[in-house]
Amino acid sequence: SGRPRVVAIEILSRSDDPACAPVLLDAASEDDPELSQAAKMGLARLGGQQVDAGILASLPGATGKARLVLIELVALRQIDEALPTLSKWAGDPDPEVRHATVAALGVLGREEESALLVRLLRKTKDSEERADLESALLAVTGRCGSVCTPRLAPLMRSTDAGLRIVGIRAMASVGGSE
């Protein structure tokens, strides 16, 4: 049964020992959803730059479920140093990776990432992907404010009415006098 493993992971994550991070990372990639969630929450709570550094070091070689878990952890732990990697993965061929990456960009993104999100919005016709990108863009523009205004111009000038609507929403989230 998976329950004893979940309890063990919960106990381990409460130790606040960064040395537990590799074990928690492995458990976070398991197929058991309860175990995986417990491990991810433990990693989110675990303190220390050492844990962030381990997550960052694991990013480049990560594939499959491990990549998805690391993307989620980067957002949960607010690891801004992962933004260059996330920006690369925003165009990944795997829709699950794109979805997770765009969500993380919504949490961490800054002015530069708003431009990336606008470019991706202009490329896709998929309604689910557009909704993900719009949510992320609204989060970034709402957090960063008027510095994002110039980045929104391509949406506002688009011949695609849906993109113009996204542009209007993003401008509203920016606020300010511009």
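The values are calculated or read from the model by the stated rules, or taken from the named source; none is laboratory data. From a predicted model like this one, the values you see are computed outputs, not experimental measurements. All Cβ positions, glycine included, derive from the backbone under ideal geometry; neighbour counts span all protein chains shown. Please note that ligands, DNA and RNA were not included when accessible areas were found on the heavy atoms of the full protein model with its side chains. Shrake-Rupley method; radii C 1.70, N 1.55, O 1.52, S 1.80 Å.
Table: residues versus (1) surrounded by 14 or more Cβ atoms within 10 Å (Cβ to Cβ); (2) within 22 Å of Pro95 (Cβ to Cβ).
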position: Pro22; (1), (2): no, no
position: Asp32; (1), (2): yes, no
position: Ala57; (1), (2): no, no
position: Leu73; (1), (2): yes, yes
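Only one residue in Val97, Val107, Val102 is buried (at least 22 other Cβ atoms within 10 Å of the Cβ), aliphatic (A, V, I, L, M) and under 14 Å from the mean Cα position of the chain (by Cα), so which one is that? If you could, list the steps in order and put the result at the bottom.
Numbers: Val97 fails: buried (at least 22 other Cβ atoms within 10 Å of the Cβ); Val107 fails: buried (at least 22 other Cβ atoms within 10 Å of the Cβ).
After applying the criteria, what remains is Val102.
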*Which of the residues belonging to the range 37-55 are assigned to a helix (DSSP H, G or I), open to solvent by less than 50 Å² (accessible area, probe 1.4 Å) and out of contact with any Ser or Thr (no Cβ under 8 Å at 6 or more places or on another chain)?*
Lys40, Ala44, Val51, Asp52, Gly54, Ile55
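Determine which member of the set Leu121, Leu116 is touching a helix residue (DSSP H, G or I) at 6+ places or on another chain (Cβ under 6 Å), over 30 Å from Gln50 (Cα atoms) and assigned to a helix (DSSP H, G or I). Outline the logic, then answer.
On the way: Leu116 fails: over 30 Å from Gln50 (Cα atoms).
Just a single option satisfies the conditions, and that option is Leu121.
Residue-by-condition table, conditions (1) among the small types (Gly, Ala, Ser); (2) open to solvent by less than 80 Å² (accessible area, probe 1.4 Å); (3) under 23 Å from Ala104 (Cβ atoms):
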position	(1), (2), (3)
Ala131	yes, yes, yes
Glu134	no, yes, yes
Leu137	no, yes, yes
Gly145	yes, yes, yes
Ala153	yes, yes, no
Ala161	yes, yes, no
*asked:* Being closer than 30 Å to Ala131 by Cα, part of a loop (DSSP other than H, G, I, E, B), more than 10 Å from the chain's Cα centre (by Cα) and of a type in the set (A, V, I, L, M, F, W, C): is that true of Ala62 here?
replied: yes
*Pairs, please: C-beta under 8 Å, at least 6 apart or cross-chain, first residue under 22 Å from Leu68 (Cα atoms) and in the range 1-29, second open to solvent by 90 Å² or more (accessible area, probe 1.4 Å)?*
Gly2/Glu34; Val6/Glu34; Ser13/Arg45; Pro18/Gln50; Ala21/Gln50; Ala27/Arg5
*Scan the range 100-128 and report the pairs whose first residue is within 19 Å of Arg67 (Cβ to Cβ) and whose second residue is open to solvent by 20 Å² or more (accessible area, probe 1.4 Å) and not small (Gly, Ala, Ser), with Cβ atoms within less than 6 Å and a gap of 6+ or a chain change.*
Ala100/Leu68; Thr101/Trp89; Val102/Asp132; Leu108/Asp80
